[in-house]
Amino acid sequence: MSDRLEQLVRDAQQGRAAHAPDPDRMRRALPALAARRTRRRRAGLAGGAVLAVAVLVAAFLAWPGIGGAPTPVPIPGEVPPSASAEASAEASATPFIAPGLVPSYAPGWVPPGFRERDRAVVQDHLGIPGVRVIRTWNKPANGGEAPFIKVVTMPTADLEPGTPVTAGGVTGTYEGPRPDARAARLSWPADPRHSVLLYSNSVMSQADLLRIATSLRPDRDPIVQPLVIGWVPFEHDEYTYSYGGDSPTSWTAGVSLARSAEPTPDNVTVSLGPTASVSDGGKPVEVGGVEGRLVIDDGSRGGNPRQCLVLPQPGGRLLLTVCNYIAGVDGARMPEDQLLRVAGSVDTRMRATTDWLG
């Protein structure tokens, strides 16, 4: 697992190398990770980086304790919804709201300069069953790859392979950097059913990682699903959601749904933020009285082929982006009318708190 983990980190951090941390780019990628893994596995798409990123999500993000019927959560924010009344009414019978999660673990101490910037949750059907939670602390880069510390709550008490290390009467496992992977990880028991995986490209020593590990405490604030998708044209069994950014008022949030079996078009990724990671141009479209554009990204810029709908939100501050990953420009995809209906069903009111970004 460590090799796949290292590849994911290298891929995910690539865009931050030349400047201060770019949490928007990181977060926009997260909702698509589960769908990318599915696209690669089903359609055999080219590109090793895509596969590595997808596998990282499956192996890396998690949390157990899912069960029972989904229940609505409070809506603390006031970002206006973009859904049309007609589409929302038709689709509201089965909106996706993830079941409540047992809170994650977070460190009471990290080295000076690090700030938490990203939170994400993933459930899929690769690797350990359960839901994984990943929280990321960053600090500004002085050239090269941005420093990060990832704290991953795992749905198992089993620890990763490595050299046994003990602190405070508790034993974990440590693996230091190697010539082919400049990163270190510590797997640490959290409670009788869960472990925490610490992974960093800048905090390398056993002593520092152990100090982070021994400061771990359960965080009683749940990692709440930030947006709601009211309708999708398939039965899904995988989901991802994430949110974070630079400040409580500058954030990006996303939700991704996918079906792990055929056919290929059964995936959708929704994100809301100040920018859209979609190329310019496209065909004009209208959803619920809002004019947007439909863009086909063929993957020539290094990403996975996809079709995306971009819709400006009231107030002009945020963009709603709804994407469907496809098997090439001429490959199987979600019909356009269905993609428009998905976009019309999205409730863009921000449900997750962002005061931790302060």
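The values are calculated or read from the model by the stated rules, or taken from the named source; none is laboratory data. In this text, all values refer to a predicted model and were calculated from it rather than measured experimentally. Heads up, the Cβs are rebuilt from the backbone with ideal geometry, glycines too, and the neighbour counts pull from every protein chain shown. The accessibility values were calculated without ligands, DNA or RNA, using every heavy atom of the protein model including side chains. Shrake-Rupley method; radii C 1.70, N 1.55, O 1.52, S 1.80 Å.
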Do we have any residue at all in the stretch 207-220 that's over 28 Å from GLY331 (Cβ atoms), in a strand (DSSP E or B) and either free of Cβ contacts under 8 Å to residues at least 12 places away in the same chain or among the acidic types (Asp, Glu) (or both)? no
Over 19 Å from VAL110 (Cα atoms), open to solvent by less than 40 Å² (accessible area, probe 1.4 Å) and at pLDDT below 95: does that describe ALA167? no
Does THR353 satisfy the condition of being open to solvent by less than 10 Å² (accessible area, probe 1.4 Å) and under 19 Å from the mean Cα position of the chain (by Cα)? no
State the number of residues belonging to the stretch 162-198 that are within 27 Å of ALA146 (Cβ to Cβ) and part of a loop (DSSP other than H, G, I, E, B). 7
Residues of the stretch 210-248 that turn out to be in contact with a strand residue (DSSP E or B) (Cβ under 7 Å, 6 or more places away or on another chain) and either of a type in the set (Ser, Thr, Tyr) or open to solvent by 40 Å² or more (accessible area, probe 1.4 Å) (or both), as a count: 10
I'd like to verify a number: residues in the stretch 305-323 that are more than 15 Å from LEU272 (Cα to Cα) and open to solvent by less than 20 Å² (accessible area, probe 1.4 Å), how many? 2
Would you mind telling me which numbered condition in (1) in contact with a Phe, Trp or Tyr (Cβ under 6 Å, 6 or more places away or on another chain); (2) under 16 Å from ASP219 (Cβ atoms) GLY100 fails? (1)
Does TRP251 meet the test of being open to solvent by 10 Å² or more (accessible area, probe 1.4 Å), among the aromatic types (Phe, Trp, Tyr) and within 15 Å of the chain's Cα centre (by Cα)? yes
Could you check the stretch 131-145 and list, in sequence order, the residues that are closer than 27 Å to GLN225 by Cα and either touching a helix residue (DSSP H, G or I) at 6+ places or on another chain (Cβ under 9 Å) or surrounded by fewer than 18 Cβ atoms within 10 Å (Cβ to Cβ) (or both)? ARG132, ILE134, THR136, ASN138
Restricting the search to the stretch 307-340, which residues are of a type in the set (Lys, Arg) and free of Cβ contacts under 8 Å to residues at least 60 places away in the same chain? ARG317
Filtered residue count, the stretch 345-358, keeping only those that are assigned to a loop (DSSP other than H, G, I, E, B) and not aliphatic (A, V, I, L, M): 6
Mind listing whichever residues of the stretch 292-304 are touching a residue at least 12 places away in the same chain (Cβ under 8 Å) and either open to solvent by 50 Å² or more (accessible area, probe 1.4 Å) or over 14 Å from TYR325 (Cα atoms) (or both)? GLY292, ARG293, ILE296, ASP298, ARG301, GLY302
